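Just below is one structure, and these are the notes that go with it.
The values are calculated or read from the model by the stated rules, or taken from the named source; none is laboratory data. All values derive from a computational prediction rather than experimental measurement. We place every Cβ from the backbone using ideal geometry, glycine too, and count neighbours over all the protein chains shown. Accessible surface is based on the protein model in full, side chains and every heavy atom, while ligands, DNA and RNA are left aside. Shrake-Rupley method; radii C 1.70, N 1.55, O 1.52, S 1.80 Å.
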Amino acid sequence: MQELKIRGGRLLKGRIHVSGAKNAALPALAACILVDDITVLHNMPDVRDVTSMCQLLESLGASVNRYGDAIHVDTRGMTQWHAPHDLVRKMRASVLVMGPLIARFGRAEVALPGGCTIGNRPIDLHINALRQMGAEPTLIKGEEHIICERLIGARIHFDRPTVTGTENVLMAATAAEGETVLENAAREPEVADLAHLLVAMGAQIEGIGTDTIRVSGGRTLHGADHSIISDRIEAGTYAIAAAMTGGDIVLESIDSLMLTSLWAKMTHAGVSIREKASGDICVSGCPPFAPVHITTAEYPGFPTDLQAQFMAMMCLAKGESVITENIFEDRFKHASELNRMGADIVIRGRNAFVKGIPYLSGAAVTASDLRASASLVIAGLAARDETRVLRIYHLDRGYERIDEKLACLGADIKRVAGEGP
Ligand code: EPU
């Protein structure tokens with residue numbers, strides 16, 4: 001298993017190109033199932049989750065080819081609706097094929113993704129919505145078998161906004177008879193990006209980017225050419241890393257509006273965020289930061305996917321900050337690892353109390369999920385001495401060549417073969 005060796009204390013400086021968003025790329029690939037045609041997706045990040053989703057599409061009979069940052073998906077003649085368990089197990093987002101498979105074949109067999117390290121993550125909201133549209137789900141040996149000869153438009157009110165749930169239902173709704181209204185829908189930019197792709201495929205959708213989305217279903221969709229949005233979480237991760245090292249970086253190709261909640265909190269912490277006329281975003285700052293409280297929330301609130309990274313930053317604040325995680329029940333596993341680096345973090349239920357310290361010290365730390373891994377890497381960049389981030393498998397699921405990008409900004413970071421399997 002590979003690990004990252006980081007010698008902390010180098011300032012990050014320079015320009016960084018933000019990659020395409022993993023969480024927009026995954027539903028876009030799933031949406032290709034809806035058409036009996038070729039779809040070309042641009043700005044696709046080269047990360048392991050995207051590769052896994054491509055393998056899943058291939059197992060369903062699609063032909064998938066990558067040319068640089070473009071992925072061509074040919075779903076002509078697809079006949080499979082069974083998503084193999086070993087591929088679904090690799091990645092929770094595989095559940096995204098459920099809606100499009102039902103739309104295209106009237107049936108889907110998808111293994112349940114199960115819990116994961118950030119907590120129990122049920123898919124009841126996806127299933128209940130599809131049931132309202134006429135689907136008949138049955139759980140057989142840990143697999144959701146869904147039959148639906150006729151999808152019928154419905155008024156669906158989500159008990160709470162769910163990103164992949166909204167995406168699944170949105171895709172199914174394009175094939176439903178009549179109108180489907182999604183209320184309390186997720187408003188994340190990645191959901192809107194999927195809706196724009198569906199429109200390019202010929203779907204009729206209103207209310208994109210709002211919490212009430214209307215889909216007039218039943219149209220035959222066709223292939224499309226679509227460029228996915230840039231990764232706001234990757235951009236935010238590098239912005240925090242730059243500030244923690246006392247650096248000064250320019251983020252290219254990212255829509256600043258997608259990160260308003262992060263910029264507000266970073267500014268309170270004393271970091272300078274400037275948007276240039278060209279659209280580039282300049283980030284500069286250095287510890288100690290002013291302590292800032294954050295509470296994660298659905299978009300446009302503070303993203304749970306940046307909570308771990310922000311916690312690392314607050315370790316170097318002058319005073320105590322409180323970080324409240326409202327989206328996932330168990331997303332504080334990075335706290336104990338940060339404590340191994342000298343941080344002073346106490347977890348009580350959904351709150352993390354972070355007492356700032358003057359500096360972090362290098363240590364061997366183990367990452368438990370994608371964003372936790374990112375927080376340990378950026379803590380390592382700012383820490384004294386050497387940090388070894390073990391089990392970087394998670395990191396490669398969602399960050400494109402993170403070690404190379406950080407090295408280009410001046411970090412002393414190396415990917416090496418680690419011990420163990
Ligand atoms: N929920 C339910 N029932 C459901 C669906 C969700 O109770 O049927 C709950 C979840 O347990 C959670 C909350 O609703 O407490 C919100 O979960 P959501 O469904 O929005 O999350 P998701 O769709 O599974 C996506 C991203 C996550 C990101 C969350 C929140 C993708 C592929 N994944 O997950 O990304 O954290 O939205 O923004 O889009 C990551 O990239 O590291 C990552 C975990």
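Below, the figures for the structure above:
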{"item": "Subset tally (residues that are within 29 Å of the chain's Cα centre (by Cα) and free of Cβ contacts under 8 Å to residues at least 60 places away in the same chain) for the range 148-159", "result": "6"}
{"item": "Flag for residue 331 being under 27 Å from residue 46 (Cα atoms), within 16 Å of the ligand (Cβ to nearest atom), touching a residue at least 60 places away in the same chain (Cβ under 8 Å) and in a loop (DSSP other than H, G, I, E, B)", "result": "yes"}
{"item": "Test: residue in the range 105-122 that is acidic (Asp, Glu), farther than 28 Å from residue 334 by Cβ and open to solvent by less than 60 Å² (accessible area, probe 1.4 Å)", "result": "yes"}
{"item": "Failed item in (1) away from the ligand (no atom under 16 Å from the Cβ); (2) within 22 Å of residue 288 (Cα to Cα); (3) crowded, with 24+ Cβ neighbours inside 10 Å, with residue 362 passing the rest", "result": "(3)"}
{"item": "From the options 74, 86, residue that is surrounded by fewer than 16 Cβ atoms within 10 Å (Cβ to Cβ) and within 30 Å of residue 230 (Cα to Cα)", "result": "86"}
{"item": "Leading residue by the ranking (farthest from the ligand (Cβ to nearest atom)) among those in the range 258-301 that are under 13 Å from residue 232 (Cα atoms) and open to solvent by less than 10 Å² (accessible area, probe 1.4 Å)", "result": "281"}
{"item": "Whichever residue in the range 194-241 is open to solvent by 30 Å² or more (accessible area, probe 1.4 Å) and of a type in the set (Lys, Arg) and, among such residues, is nearest to residue 16 (Cα to Cα)", "result": "214"}
{"item": "Which listed residue is within 22 Å of residue 269 (Cα to Cα), out of contact with any helix residue (DSSP H, G or I) (no Cβ under 8 Å at 6 or more places or on another chain), of a type in the set (Ser, Thr, Tyr) and at pLDDT 95 or above, from 375, 361", "result": "361"}
{"item": "Complete set of residues in the range 15-61 that are outside any helix (DSSP H, G or I) and open to solvent by less than 10 Å² (accessible area, probe 1.4 Å)", "result": "16, 18, 19, 20, 21, 35, 39, 41, 44, 45, 47, 60"}
{"item": "Yes/no for residue 371 being crowded, with 21+ Cβ neighbours inside 10 Å, within 19 Å of residue 240 (Cβ to Cβ) and charged (D, E, K, R)", "result": "yes"}
{"item": "Qualifying positions in the range 141-181 - within 16 Å of the ligand (Cβ to nearest atom) and surrounded by fewer than 16 Cβ atoms within 10 Å (Cβ to Cβ)", "result": "157, 159, 160"}
{"item": "Count of residues meeting criterion [under 19 Å from the mean Cα position of the chain (by Cα) and in contact (Cβ under 8 Å) with a residue 60 or more places away in the chain] in the range 282-303", "result": "4"}
{"item": "Meets criteria (under 25 Å from residue 187 (Cβ atoms) and in the same structural domain as residue 382 (by TED's automatic domain parsing)) for residue 347", "result": "no"}
